[in-house]
Amino acid sequence: MSINWSDEVHRVLREQKVRQVAYVPDTGLKRVIELVRGDKKMRAVPLTTEEEGIALATGAWLGGERSALLLQSSGVGNCINMLGMAIECRIPLLMLVTMRGQWGEFNPWQMPMAQATATVLTAMGVIVQPVADADDVGETFAAAARMAFNTNRVVAVQVAQRVVGAKEFK
Amino acid sequence: MSASRRKPKLDRRKVAAEILARRGDALVVTGLGAPTWDAAAVGDSPLNFYTWGGMGCAAMVGLGMALAQPKRRVIVITGDGEMLMALGALATIAAQQPQNLSIVVMDNEHYGETGMQATHTQMGADLAGMAKAAGFHATQTIYTTAELKTWVPKIYGAGPVFVAVKVTTERDALVLPPRDGTLLKFRFREALLGEA
């Protein structure tokens, strides 16, 4: 059994000196959020809606700090117009998107945005890197972080619902 | 309170000049449209980050900057329409309590860039009241020159600060700053951090 993928994500955030970590919660992000909130080297910034995180990352980078955004696939749609600013200004941003509506989903309302997630991110110029296996999350997230901060790009790691597990309604 | 029925009468360019006259080494973020032209008219600086899009971004860009640079004052100058698009950001900012962040809304109660349609502040929405309820440290709606004089030092005081300054819809000369986002980013970072 490998180390928990959430711990790997936190380790990468630490190694990459990501200081401002913004999020809108998802069940799949619960442990990562707890690790970030417990880390004195990071500033956890809970958002009311995901696009705030794109603007926060822009301000953070202008001020000299690295930022990451943790969100559920449903929140990707909220980010689209604001991503235009990050792309136009070549702001580096690391996104961790946990998927719904992809693997054994129960809730039909989750399906449209989930199925469009990679398409709309790609359409805006975000580099999307899907992960289907828990063992690959750490390595993929580390590579995505290096690319985001070394080349000033927005890179989204899309963690499959198969990895995070489908929410149970019972 | 029938404060929302008072007619805005302040001149936005004079307000911007009065506030920015004492900026020192403060970092400035402007919301798209007239607030961007106002800051450019007062005087261009590499430490001005002008937004030309991403409506609703200004306050949160200010938060990211304020958290990254806790020793510098960060002033966000934006419009009522732009701020109305990001009311949730007031709660997000208040939750972080950045003492060095001040938001100045040039509230002319209209969408100035799209044909002067009325905004919600003309219909009674109280932006400073919302900021106060969200948990901002100091908040005020400013109608007069005397109130502005009292509040300018507070804009540089303990934050987070939020002021809505009631300004007229008079059209000023267009003063357009650079608009390439990457250029604006590079020159800001070079001036602040000494690197591109």
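The values are calculated or read from the model by the stated rules, or taken from the named source; none is laboratory data. Keep in mind it's a predicted model, so treat the numbers as computed, not measured. In this analysis, Cβ positions are derived from the backbone assuming ideal geometry, glycine residues included, and neighbour counts consider all displayed protein chains.
Assorted remarks:
- Residue within segment B:154-176 that is in a helix (DSSP H, G or I) and either among the hydrophobic types (A, V, I, L, M, F, W, C) or on the phi < 0 side of the Ramachandran plot (or both) present: yes
- Near pairs, Cβ below 6 angstrom, 6+ apart or cross-chain, from segment B:37-52 (within 11 Å of another protein chain (Cβ to nearest Cβ) and over 13 Å from B:Phe186 (Cα atoms)) to any residue that is surrounded by fewer than 19 Cβ atoms within 10 Å (Cβ to Cβ) and among the basic types (Lys, Arg): B:Trp52/B:Arg179
- Failed condition for B:Arg179, given (1) in a loop (DSSP other than H, G, I, E, B); (2) more than 14 Å from chain A (Cβ to nearest Cβ): (2)
- Residues (farther than 17 Å from A:Ala156 by Cα and either touching a residue at least 40 places away in the same chain (Cβ under 8 Å) or surrounded by 20 or more Cβ atoms within 10 Å (Cβ to Cβ) (or both)) located in segment A:103-125: A:Trp103, A:Gly104, A:Glu105, A:Phe106, A:Asn107, A:Gln110
- Residue that is nearest to A:Glu51 (Cα to Cα), among those in segment A:144-170 that are over 14 Å from the mean Cα position of the chain (by Cα) and not in a loop (DSSP other than H, G, I, E, B): A:Phe149
- Selected residue (only one of A:Gly59, A:Gly77, A:Gly64 is out of contact with any Lys or Arg (no Cβ under 6 Å at 6 or more places or on another chain), modelled with pLDDT of 95 or more, surrounded by fewer than 23 Cβ atoms within 10 Å (Cβ to Cβ) and within 8 Å of another protein chain (Cβ to nearest Cβ)): A:Gly64
- Residue, farthest from the other protein chains (Cβ to nearest Cβ), within segment B:53-82, restricted to residues that are under 18 Å from B:Ile19 (Cβ atoms) and of a type in the set (D, E, K, R): B:Asp80
- When segment B:187-196 is filtered for residues that are assigned to a helix (DSSP H, G or I), over 22 Å from the mean Cα position of the chain (by Cα) and within 10 Å of chain A (Cβ to nearest Cβ), only B:Leu193 remains.
- When the test is whether a residue is in a loop (DSSP other than H, G, I, E, B) and acidic (Asp, Glu), A:Asp7 does not pass it.
- Residue check for A:Arg146: in contact with a helix residue (DSSP H, G or I) (Cβ under 7 Å, 6 or more places away or on another chain), among the basic types (Lys, Arg) and more than 11 Å from A:Leu96 (Cα to Cα): no
- Counting only strands (runs of 3 or more DSSP E) that sit wholly inside segment A:13-72, those with at least 2 residues that are small (Gly, Ala, Ser) are A:66-72.
- Answer from B:Arg72, B:Arg13 - the residue that is surrounded by fewer than 21 Cβ atoms within 10 Å (Cβ to Cβ) and in contact with a strand residue (DSSP E or B) (Cβ under 6 Å, 6 or more places away or on another chain): B:Arg72
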